[in-house]
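Since the structure comes first, as structure tokens, the remarks are kept for the end.
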Amino acid sequence: MSSDFCDIHPVKSIPGDLIGVRTVVLNVRSYAGFTYDGANHMFGWFYEAQPCMGDEDVAKFPLLLWFNGGPGASSMFGAMSENGPYLMDASGLVVENPYAWNQQAHIMYWDNPVGAGYSYTDKGEKGFVTNEVEVGERMYQALQAFFKDDRYEKYAACDLYVTGESYGGKYIPAICNVIRQKKYGLDPGSKVSPPDPQDVEINLKGMAIGNPYMDPPLQCEKRLECGFELGFLDTRQHEKLMKNFGKLEEALSKGEYVTAFNYNQGIKKDLVACGGNVAIYDVRIWDVDLLGPLVETYFRLDAVKEALHVPVDQPWNCADETGPVTKALMKDFMTPSSQKSLEPMLDKVVDGKPVYRVLIYTGNLDMSCGIAGTEAMLWNLKWDHTDDWRNKTVRQVWASPRSTRLLPQEHRYRAVPGHTKGFVKQCANLTQIVVPGSGHMVPSCQPEVSLEMINLFIYGKDCPSYETPIAEKYPDEIDG
């Protein structure tokens, strides 16, 4: 029985193009619509795992939540251009995705926060979130509305993983921390509200974040370092932009977040211009966005809204670091959050075992939220395994082995180098993966690798990998 707080209904088919000629009949159970918490209407689109055979099978598969960033971006971009079961191709057709993330898991895409995508609030812009506690609280209520509905309560038994990318690096830990505190007790001085005794227990197991935006000043500085090393800046240009970065830091020290934001955006704009309008999300290309306008057109179609149970007069909004959602989150945008958001999740232990697992993955060709910033951010974390992470954990090469052989000195099989898929560093409950040949949107750039990566993570399996030791001493000369 549907509740007053969950207006989510089955989706049987969706338009298959931009002109109303084709129809795509969905090959799995799917639901879409809104949850409601008294003022805020959160839009979500759910796809069941492809192998799921019915209600009795549901709990066998994890449930992934997916969040795009922005702030102000719609997660329908993820659904239709990254890892959803159906994608928009360059000709404007909706086609099946052979690397969809629902091959071994349920997945639900949420437009978050209100003002992004179809999600909205009855209070207009005054109801927009201004900090990550509000983000977490509202998504917690959206999940409660979904799981309390008689039609969808079966999914509450699934292991839950919160996933996404970019500004999701702020959203995702915030949502997870609210869930953690509602279950295990509020942190000292926490602004999270106490749980309701009637709340459904959320079976959170971990999070996976791609190319996360978490530490603005650190990542801005590393962005310039990346641009210089890739040749998009010369020495003089780099020094001038570093002076502007100093002004950004000065503004932050004074709590002048709008000024700091303007410097951040200006530095980024100048970097892109110096690179001849290089695509900051993928340094292999220049000024190219084929799918963006097509996806935007698609979700503004009346036929799409009708298929997804959205009122035809409800606008679909999508912005990236601009517009009212960004304006409301201005302080949050420029405030580092990695330590206060990741450390409590990593350090939560019950009966001597970590409760949550965290995966941070990064495409190596992203200049916006790239590997140098991610590496520094994780290096700076203060958690129970800081020393192990910095001094003892060896990064491995993740590869598809061509063969295996028995190493007599160790009496075990080990993969010999094959096709390199990534670079993996794993310590306790934290895993970091660098994906070569990928920009900001890893599921788009490396779909096969990203699918294998997420399935290995959610099912608790290690990436097949091998170590490449660095020699302590090099020979004085070349023999022969």
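Values in this text are rule-based calculations from the coordinates and carry no lab data. These numbers were taken from a predicted model, which means no experiment stands behind them. All Cβ positions, even for glycine, are placed from backbone atoms using ideal geometry, and neighbour counts span all protein chains on display.
Numerical summary
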| read-out | value |
| --- | --- |
| Rough spin-label spacing in nm, given labels placed 7 Å along Cα→Cβ, for GLU201 and GLU153 | 1.6 nm |
| Tensor-based shape of the range 1-75 (alpha-carbon gyration tensor, a/c under 1.5 rounded, otherwise prolate or oblate) | rounded |
| Theoretical FRET efficiency, 1/(1+(r/R0)^6), r = Cβ-Cβ of ASP187 and ALA471, R0 56 Å, to 0.05 | 0.80 |
| Shape of the chain, Cα gyration tensor, a/c cut at 1.5 | rounded |
| Helical contribution to [θ] at 222 nm, DSSP H n ≥ 4, -39,500 (n - 2.57), averaged over the chain, rounded to 500 | -10000 deg cm²/dmol |
| Inter-part distance where the range 260-275 and the range 1-33 are each reduced to a Cα centre, Å | 40 Å |
| Distance in nm between pseudo-label sites at ASN244 and LYS461 (7 Å out along the Cβ direction from Cα) | 4.7 nm |
| Among beta bridges that DSSP assigns inside the chain, antiparallel share in %, nearest 5 | 65 percent |
| Cβ-defined net charge surrounding PHE457, 12 Å radius [Lys, Arg +1; Asp, Glu -1] | 0 |
| Linear extension gain, ASN262 paired with VAL25, 0.36 nm per residue minus alpha-carbon span | 80.7 nm |
| Efficiency of FRET from Cβ geometry, VAL350 and ASP313, R₀ 51 Å, rounded to 0.05 | 0.60 |
| Rounded if a/c under 1.5, otherwise prolate or oblate - the range 233-274, Cα gyration tensor axes | oblate |
| Residue order, fewest to most beta carbons within 10 Å, for LYS240, LYS327 | LYS240, LYS327 |
| Backbone N within the range 14-36 under 16 Å of label point (7 Å from ALA303 Cα along the Cβ vector) | 14-26 |
| Label-to-label distance, nm, for residues given as ASP37 and THR235 (7 Å Cα→Cβ offset) | 5.4 nm |
| Fewest-first ranking of ARG236, ARG29, ARG390, using other Cβ atoms within 10 Å as the exposure measure | ARG236, ARG390, ARG29 |
| Neighbour-count ranking [beta-carbon atoms within 10 angstrom, fewest first] of TRP383, TRP101 | TRP383, TRP101 |
